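A.B. asks: Have a look at this one before I ask anything.
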Amino acid sequence: MRLTTLTDEARIALANIGDFAAGFVAPSLRLGVTGLSRAGKTVFITALVHNLVKGGRLPLFEPVSRGRLARSFLEPQPDDAVPRFDYEAHVERLVAERLWPDSTRRISELRVTIEFESARYFARTLGRGRLHLDIVDYPGEWLLDLPLLAKGFAEWSAEAVALSRLEYRAALAARWRAALAETDPLGPEDETAARRLAALFTDYLRAARADEHALSTLPPGRFLMPGDLEGSPALTFSPLDLPAGVAVPPRSLAAMMERRYEAYKDVVVRPFFRDHFARLDRQIVLVDALQALNAGPAAVADLGQALSDILACFRPGRASWLSSILTRRVDRILFAATKADHLHRTSHDRLEAILGRLVRGAMEKAAFAGAEVDVVALAAVRATREAIVTRDGEKLPAILGVPLPGEGLGGEVFDGKEEIAIFPGDLPSDPDSLFQVLESMREGPESKSQPAVAPAPDVEFVRFRPPRLERTAEGLTLSLPHIRLDRVLQFLLGDRLT
Ligand code: GDP
């Protein structure tokens, strides 16, 4: 692995000095928001900022419950070269059109300044406290690229080929594997072959990500989330089935792929980590755990693996390139299971417990220590209400909401106007029962003969429209309703607003 250049270190140090100098005026906190595509990043940031700026209902956020939050407002962000998070357009779509905003495709940033009355006597005498909260939104796919920095092309290829042979991936990777089998990696370099393999490899990654499989571990991240690199040659490579222990001849297909793989690391992965990741103070990782639970045990196991890969990024080894440029340390990481409004309240704690189990396992695997880690089940925007519905004399907890136009359930297709009640089903009260099945799956061929108990709980899914916002008697529109956003704020910001 190539070490960082002096320029890298100088640049990051300068950036941090800049941040620090600006901090004399008012301290700032850089909060990273990440998660795989459709995990809920855009909706989360929009709802978080809306609730701060509009004075939302946040009883568990201490500065609000103590009446110390004076006001929050948007200000120009500190980094001119990063696109701004399009907050206003997203709010307009959510609130006025009652449709979900466009999802994250690349990095963006937004600054919210929070003014508060300090609880501390000395600080109080100096006047109001101020905190600049710089929110950095970036695709989780990019984060999962970090482990590539420590791997050469041969090692990465061997791992990718081995992974594609696993039972639950083999069918998805079949066309790519067939093309690999026809390719001589040590033969002459060939642009057409490179493009074909790259396209088939990308198709495989995309299929693995689709709803019904919901797999999580899929580098290189830019193949799925290219940002500004869409269609560029930096993405035209693929792992190869290399014979072990054979030197790669110059001008061979393998040499060409290796060159592009290294270029990808140099021009894509390193700059992202140096310019953005290395400057974060805190991180929230959004996880669509319900989607993985619905897709089945392979998706849940794969999510566990992705979480441990993510945690490893926050605890880089001493000798690694990243630790040499990290001058700030992320001191709090929150893992959040999103879209909890698809469940009845009775299952929110259960969802949190399941995520907690996954994160604990990931922490053990990554031997993680050094930052405070917590988990939460949340809905950034609560699109449903709860009710008790009587069916055949039995009282059942249900959720009420307006399904998006075109959504269907049990043969019925909805028009986007009518409110329906559904019984979302329950998550298991004991998360262990779920994980026992996963364990038995890992135990190898003998256990395959046992009937695989589907750990997927009985959760029914319909995508709902965002809620209609209520108005006060004075005609003011209230902020977006949510589930546990206040707990999130308390964990991520509470100690910085004292
Ligand atoms: P991103 O790719 O991580 O930016 O994901 P988005 O924030 O765009 O969310 C993807 C989709 O998930 C949205 O279009 C919504 O359908 C759904 N979603 C996200 N957050 C919530 C939530 O809090 N409640 C509900 N009901 N749906 C949500």
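A.B. asks: Exactly one of (1) without any contact (Cβ under 8 Å) to a residue 60 or more places away in the chain; (2) under 17 Å from the mean Cα position of the chain (by Cα); (3) surrounded by fewer than 22 Cβ atoms within 10 Å (Cβ to Cβ) is unmet by residue 345. Its number?
C.D. replies: Single failed check for residue 345: (2).
A.B. asks: Return the residue satisfying two criteria in turn: it lies in segment 381-401 and is open to solvent by 50 Å² or more (accessible area, probe 1.4 Å) and more than 16 Å from the ligand (Cβ to nearest atom), and of such residues it is nearest to residue 314 (Cα to Cα).
C.D. replies: Residue satisfying both the conditions and the ranking: 397.
A.B. asks: Checking residue 70 against (1) in a strand (DSSP E or B); (2) closer than 30 Å to residue 220 by Cα, which test does it fail?
C.D. replies: It is condition (2) that residue 70 fails.
A.B. asks: So, one more: Being part of a helix (DSSP H, G or I) and either more than 14 Å from the ligand (Cβ to nearest atom) or at pLDDT below 95 (or both) is the filter here; which residues of segment 73-90 pass it? Reasoning before the result, please.
C.D. replies: Step one: filter segment 73-90 for residues part of a helix (DSSP H, G or I), giving 87-90.
Within segment 73-90, just 88 meets the criteria.
A.B. asks: Residues of segment 123-157 being out of contact with any helix residue (DSSP H, G or I) (no Cβ under 9 Å at 6 or more places or on another chain) and open to solvent by 60 Å² or more (accessible area, probe 1.4 Å), which ones?
C.D. replies: 124, 125, 126, 128, 155 - these are the residues of segment 123-157 that are out of contact with any helix residue (DSSP H, G or I) (no Cβ under 9 Å at 6 or more places or on another chain) and open to solvent by 60 Å² or more (accessible area, probe 1.4 Å).
A.B. asks: Considering every residue within segment 307-327, establish whether at least one is within 20 Å of the chain's Cα centre (by Cα), at pLDDT 90 or above and not basic (Lys, Arg). I'd like the intermediate steps shown before the answer.
C.D. replies: We begin by selecting, within segment 307-327, every residue within 20 Å of the chain's Cα centre (by Cα); these are 307-316.
From what is left, the residues that are at pLDDT 90 or above are 307.
Remaining after also requiring not basic (Lys, Arg): 307.
Looking for residues that are within 20 Å of the chain's Cα centre (by Cα), at pLDDT 90 or above and not basic (Lys, Arg), one finds at least one in segment 307-327, hence yes.
A.B. asks: Test each condition in (1) at pLDDT below 95; (2) surrounded by 20 or more Cβ atoms within 10 Å (Cβ to Cβ); (3) aliphatic (A, V, I, L, M) for residue 334 and report the one that comes out false.
C.D. replies: (1)
A.B. asks: Any chance segment 171-185 includes a residue that's among the polar types (S, T, N, Q), open to solvent by 10 Å² or more (accessible area, probe 1.4 Å) and modelled with pLDDT of 90 or more?
C.D. replies: Yes, some residue in segment 171-185 is among the polar types (S, T, N, Q), open to solvent by 10 Å² or more (accessible area, probe 1.4 Å) and modelled with pLDDT of 90 or more.
A.B. asks: With respect to residue 306, determine if the residue is of a type outside the set (Asp, Glu), within 30 Å of residue 168 (Cβ to Cβ) and open to solvent by 30 Å² or more (accessible area, probe 1.4 Å).
C.D. replies: Numbers: of a type outside the set (Asp, Glu): yes; within 30 Å of residue 168 (Cβ to Cβ): yes; open to solvent by 30 Å² or more (accessible area, probe 1.4 Å): no.
Here the answer is no, as residue 306 does not meet what is asked.
A.B. asks: From the list 47, 26, 39, pick out the single residue that is more than 16 Å from the ligand (Cβ to nearest atom), modelled with pLDDT of 65 or more, small (Gly, Ala, Ser) and open to solvent by less than 10 Å² (accessible area, probe 1.4 Å). Outline the logic, then answer.
C.D. replies: Numbers: 47 fails: more than 16 Å from the ligand (Cβ to nearest atom); 39 fails: more than 16 Å from the ligand (Cβ to nearest atom).
Matching residue, one of 47, 26, 39: 26.
A.B. asks: Another one. Evaluate the following for residue 61: is it away from the ligand (no atom under 16 Å from the Cβ), out of contact with any Phe, Trp or Tyr (no Cβ under 7 Å at 6 or more places or on another chain) and open to solvent by less than 20 Å² (accessible area, probe 1.4 Å)? Walk me through it before giving the result.
C.D. replies: Working: away from the ligand (no atom under 16 Å from the Cβ): yes; out of contact with any Phe, Trp or Tyr (no Cβ under 7 Å at 6 or more places or on another chain): yes; open to solvent by less than 20 Å² (accessible area, probe 1.4 Å): yes.
For residue 61, the condition - away from the ligand (no atom under 16 Å from the Cβ), out of contact with any Phe, Trp or Tyr (no Cβ under 7 Å at 6 or more places or on another chain) and open to solvent by less than 20 Å² (accessible area, probe 1.4 Å) - is met.
A.B. asks: Now a separate question. From the list 358, 378, which residue is more than 14 Å from the ligand (Cβ to nearest atom) and under 26 Å from the mean Cα position of the chain (by Cα)?
C.D. replies: Numbers: 378 fails: more than 14 Å from the ligand (Cβ to nearest atom).
The match here is 358.
A.B. asks: List the pairs whose first member sits in segment 147-175 and is in contact (Cβ under 8 Å) with a residue 60 or more places away in the chain, whose second member is hydroxyl-bearing (Ser, Thr, Tyr) and part of a helix (DSSP H, G or I), and whose Cβ atoms are under 6 Å apart, counting only residues at least 6 apart or on separate chains?
C.D. replies: Pairs that qualify, where the first residue is in contact (Cβ under 8 Å) with a residue 60 or more places away in the chain and the partner is hydroxyl-bearing (Ser, Thr, Tyr) and part of a helix (DSSP H, G or I), are 153/261.
A.B. asks: Another one. Can you tell me which residue is nearest to the ligand (Cβ to nearest atom) among those in segment 409-429 that are open to solvent by 40 Å² or more (accessible area, probe 1.4 Å) and among the small types (Gly, Ala, Ser)?
C.D. replies: Kept after step one, since they are open to solvent by 40 Å² or more (accessible area, probe 1.4 Å), are these residues of segment 409-429: 409-413, 415, 417-419, 421, 423, 426, 429.
So of that shortlist, the ones also among the small types (Gly, Ala, Ser) come out as 410-411, 421, 429.
On the way: 410: 19, 411: 22, 421: 15, 429: 23 Å.
Among them, the one singled out is 421.
A.B. asks: Could you say whether any residue in segment 220-229 is in the same structural domain as residue 182 (by TED's automatic domain parsing), open to solvent by less than 20 Å² (accessible area, probe 1.4 Å) and either among the hydroxyl-bearing types (Ser, Thr, Tyr) or without any contact (Cβ under 8 Å) to a residue 40 or more places away in the chain (or both)?
C.D. replies: Within segment 220-229 (the criterion being in the same structural domain as residue 182 (by TED's automatic domain parsing), open to solvent by less than 20 Å² (accessible area, probe 1.4 Å) and either among the hydroxyl-bearing types (Ser, Thr, Tyr) or without any contact (Cβ under 8 Å) to a residue 40 or more places away in the chain (or both)), the answer is yes, since at least one residue qualifies.
A.B. asks: Name, by its number, the condition in (1) within 30 Å of residue 172 (Cα to Cα); (2) open to solvent by 30 Å² or more (accessible area, probe 1.4 Å) that does not hold for residue 299.
C.D. replies: All conditions are met except number (2).
A.B. asks: Let me ask another. Under 6 Å between Cβ atoms, at least 6 apart or on separate chains: pull out the pairs that start in segment 276-299 with a residue that is within 20 Å of residue 38 (Cα to Cα) and end on any residue that is of a type in the set (Gly, Ala, Ser) and more than 16 Å from the ligand (Cβ to nearest atom).
C.D. replies: Short answer, once both residue conditions are applied: 292/299; 293/456; 294/456; 296/456.
A.B. asks: Kindly provide the set of residues from segment 230-271 that are surrounded by 21 or more Cβ atoms within 10 Å (Cβ to Cβ), farther than 17 Å from residue 151 by Cα and within 30 Å of the chain's Cα centre (by Cα), ordered by number.
C.D. replies: Matches in segment 230-271: none.
A.B. asks: Give the residue, chosen from 376, 402, that is in contact with a Lys or Arg (Cβ under 6 Å, 6 or more places away or on another chain), among the aliphatic types (A, V, I, L, M) and assigned by TED's automatic domain parsing to the domain that holds residue 301. Write out each step before concluding.
C.D. replies: Numbers: 402 fails: assigned by TED's automatic domain parsing to the domain that holds residue 301.
Unique residue meeting the criteria: 376.
A.B. asks: Which residue pairs have Cβ atoms closer than 6 Å, lie 6 or more positions apart in sequence or on different chains, and pair a first residue in segment 43-57 that is under 19 Å from residue 336 (Cβ atoms) and in a helix (DSSP H, G or I) with a second residue that is open to solvent by less than 10 Å² (accessible area, probe 1.4 Å) and of a type in the set (Asp, Glu)?
C.D. replies: Going by the 6 Å Cβ cut-off, the qualifying pairs are 45/137.
A.B. asks: Every residue in segment 93-122 that is free of Cβ contacts under 8 Å to residues at least 12 places away in the same chain and either surrounded by 14 or more Cβ atoms within 10 Å (Cβ to Cβ) or at positive phi (or both), please. Spell out the reasoning first.
C.D. replies: Start the filter on segment 93-122 by keeping residues that are free of Cβ contacts under 8 Å to residues at least 12 places away in the same chain, which leaves 93, 96-97, 121-122.
Residue satisfying the conditions is 93 alone.
A.B. asks: In segment 202-211, is there at least one residue being outside any helix (DSSP H, G or I) and either closer than 30 Å to residue 81 by Cβ or not hydrophobic (A, V, I, L, M, F, W, C) (or both)?
C.D. replies: There is at least one residue in segment 202-211 that is outside any helix (DSSP H, G or I) and either closer than 30 Å to residue 81 by Cβ or not hydrophobic (A, V, I, L, M, F, W, C) (or both).
A.B. asks: Which count do you get for residues in segment 94-107 that are near the ligand (Cβ under 10 Å from one of its atoms) and of a type in the set (D, E, K, R)?
C.D. replies: 2
A.B. asks: Do the conditions hold for residue 273, that is, is it more than 14 Å from the ligand (Cβ to nearest atom) and assigned to a helix (DSSP H, G or I)? Steps first, please.
C.D. replies: On the way: more than 14 Å from the ligand (Cβ to nearest atom): yes; assigned to a helix (DSSP H, G or I): yes.
Yes: the conditions hold for residue 273.
The values are calculated or read from the model by the stated rules, or taken from the named source; none is laboratory data. Every value quoted in this text rests on a predicted model; they were computed, and no experiment measured them. When we count neighbours, we look across all protein chains shown, and the Cβ atoms used for this are built from the backbone with ideal geometry, even at glycine. When the accessible area is computed, the model is the full protein with side chains, heavy atoms only, and any ligands, DNA or RNA have been set aside. Shrake-Rupley method; radii C 1.70, N 1.55, O 1.52, S 1.80 Å.
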